[in-house]
1. Exactly one condition in (1) within 29 Å of Asp58 (Cβ to Cβ); (2) crowded, with 20+ Cβ neighbours inside 10 Å; (3) assigned by TED's automatic domain parsing to the domain that holds Leu85 is not met by Glu232; state its number.
2. Scan segment 35-45 and give yes if some residue there is among the charged types (D, E, K, R) and at pLDDT 95 or above, otherwise no.
3. Have a look at Ser111, Ser92 and point out the one that is of a type in the set (Gly, Ala, Ser) and modelled with pLDDT of 95 or more.
4. Output the residues belonging to segment 78-113 that are assigned to a loop (DSSP other than H, G, I, E, B) and under 17 Å from the mean Cα position of the chain (by Cα).
5. Can you spot a residue in segment 133-145 that is at pLDDT below 95 and touching a Ser or Thr at 6+ places or on another chain (Cβ under 7 Å)?
6. Looking at Ala284, Ala300, Ala254, Ala292, can you tell me which residue is under 30 Å from Asp99 (Cα atoms) and not basic (Lys, Arg)?
7. Just to check your reading of the model, which residue among Gly296, Gly274, Gly287 is surrounded by fewer than 18 Cβ atoms within 10 Å (Cβ to Cβ) and free of Cβ contacts under 8 Å to residues at least 24 places away in the same chain?
8. Give the residue, chosen from Leu142, Leu130, that is hydrophobic (A, V, I, L, M, F, W, C), farther than 19 Å from Ala210 by Cα and in contact with a His (Cβ under 7 Å, 6 or more places away or on another chain).
Amino acid sequence: MSTLRDLALVLTAFGVCAAPLPQQTHEPPVLSIRTDLVTLAVTVVDSKGVLVTDLRQDQFTVYDNNELRPIQFFASDDAPATIGLVIDSSGSMRGRREDIAAAVTALADTSHPLDEFFMLNFNDSVWLGLPPSHSFTADRQLLLGAISALPTEGMSALYDGLDRGLDHLELGTRDRKALIVVSDGGDNASAQTLEGVKEHARRSGAPIYAVTLFDPDNHDARPRVLRKLARETGGDAFIPRRPSDLMNAFKQIARELRRVYTIGFVPPDTAGSGFRSIRVVADAGGGHHLIARTRGGYYARP
């Protein structure tokens with residue numbers, strides 16, 4: 001997603017000499033404008049967690065570093081997305097493969113027909129789950145076949161999986177993008193660090209949805225890590241207890257991705273380089289409490 005500020009306006013014009021030269025041509029004025037727009041994917045729910053999908057632009061307020069900014073772009077259409085599945089294939093996921101496959105089936109059935117998917121698996125290492133000829137696919141059967149072949153062994157390189165997933169997400173052809181990670185939150189095999197993943201996620205701007213599956217007796221599980229990462233990126237976190245909860249979580253994610261508000265604003269001229277916080281407020285009137293979820297901020301360019 002781009003960060004945006006008007007940077008330059010250059011106008012050049014060539015004057016006319018007192019004594020005209022033969023074969024002289026006059027270049028037209030050159031106008032050069034560069035504008036950067038910060039775009040936000042915003043999900044709105046009510047106090048019960050129910051999606052709110054009928055809001056207007058004037059019912060949103062955007063704050064950049066606590067400074068009110070006018071909204072320059074607004075859309076609430078049902079658009080296709082690039083969706084990455086980052087699946088834990090370590091030994092801690094043993095016995096859950098069929099439940100995950102059923103949940104992904106529910107996700108695919110609820111998603112936009114033109115969504116494109118990719119899958120990354122991780123245990124001791126990270127690898128693409130689709131056949132080598134497919135970086136992305138809209139073929140649900142191909143996706144489900146890849147999930148059905150998941151191993152469940154070894155250690156957990158969660159941070160490496162998320163880091164590579166964010167990279168691969170940028171190669172997608174859809175403007176709307178999201179990662180869904182299925183894991184217990186534990187990591188004992190990554191070269192990447194949690195802080196490195198957080199930094200990468202901030203720069204990406206894509207929401208991360210966390211589906212945390214763990215055994216309460218597993219002391220390596222860290223569900224809070226995924227919950228915090230999801231909330232900082234504007235996604236959501238789920239801790240399903242039963243297979244039906246897992247399926248419902250994936251359906252909810254698919255519905256949210258189809259009903260995202262896209263909001264764009266231009267940073268103030270005084271914004272320097274570095275990370276700037278974002279807060280979005282949604283108000284439908286009538287005293288109803290609404291929660292607007294979006295990424296926690298963006299990196300401004302000098």
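The values are calculated or read from the model by the stated rules, or taken from the named source; none is laboratory data. Please read these numbers as outputs of a predicted model, since none were measured by experiment. Using ideal geometry, Cβ is built from the backbone for each residue, glycine included, and neighbour counts are taken over all protein chains shown.
1. (2)
2. Within segment 35-45, none of the residues are among the charged types (D, E, K, R) and at pLDDT 95 or above.
3. Ser111
4. Asp78, Ala79, Pro80, Ser111, His112
5. Yes, segment 133-145 contains at least one residue that is at pLDDT below 95 and touching a Ser or Thr at 6+ places or on another chain (Cβ under 7 Å).
6. Answer to the selection: Ala254.
7. Testing whether each residue is surrounded by fewer than 18 Cβ atoms within 10 Å (Cβ to Cβ) and free of Cβ contacts under 8 Å to residues at least 24 places away in the same chain leaves just Gly287.
8. Leu142
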